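Each remark here refers to the structure printed beneath this line.
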Amino acid sequence: MAMIFLALGLVLVVEGLAYVLAPSLVERLLEMMRQLALDERRRVGVLAIVLGVTLLWIAHQLGA
């Protein structure tokens with residue numbers, strides 16, 4: 001359970017930093033996402049999930 005809170009906290013920190021340090025870049029990224037077809041957006045989402053779970057697994061294996 002602690003790992004879930006750690007992961008969520010890190011996600012919020014990174015998301016917050018993106019909005020603070022590069023808000024115009026976030027806007028451009030969101031516009032690019034809007035131009036993708038729905039299936040492509042789903043693939044991006046699945047890729048993000050797989051990458052996130054993989055990183056959590058690696059962190060767990062390393063003792064986090």
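All of the numbers you see were taken from the coordinates with simple rules; none came from a lab. The shown structure was predicted, so the numbers you read here are calculated from the model rather than taken from an experiment. All Cβ positions, even for glycine, are placed from backbone atoms using ideal geometry, and neighbour counts span all protein chains on display.
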Would the stretch 34-46 turn up any residue that is closer than 20 Å to Ala7 by Cα and among the β-branched types (Val, Ile, Thr)?
-> yes
Among Arg42, Arg34, which is surrounded by 10 or more Cβ atoms within 10 Å (Cβ to Cβ) and among the charged types (D, E, K, R)?
-> Arg42
Select from the stretch 1-26 the residues that are under 16 Å from Leu55 (Cα atoms) and either surrounded by 11 or more Cβ atoms within 10 Å (Cβ to Cβ) or touching a Ser or Thr at 6+ places or on another chain (Cβ under 9 Å) (or both) and list them in ascending order.
-> Met3, Leu6, Ala7, Leu10, Val11
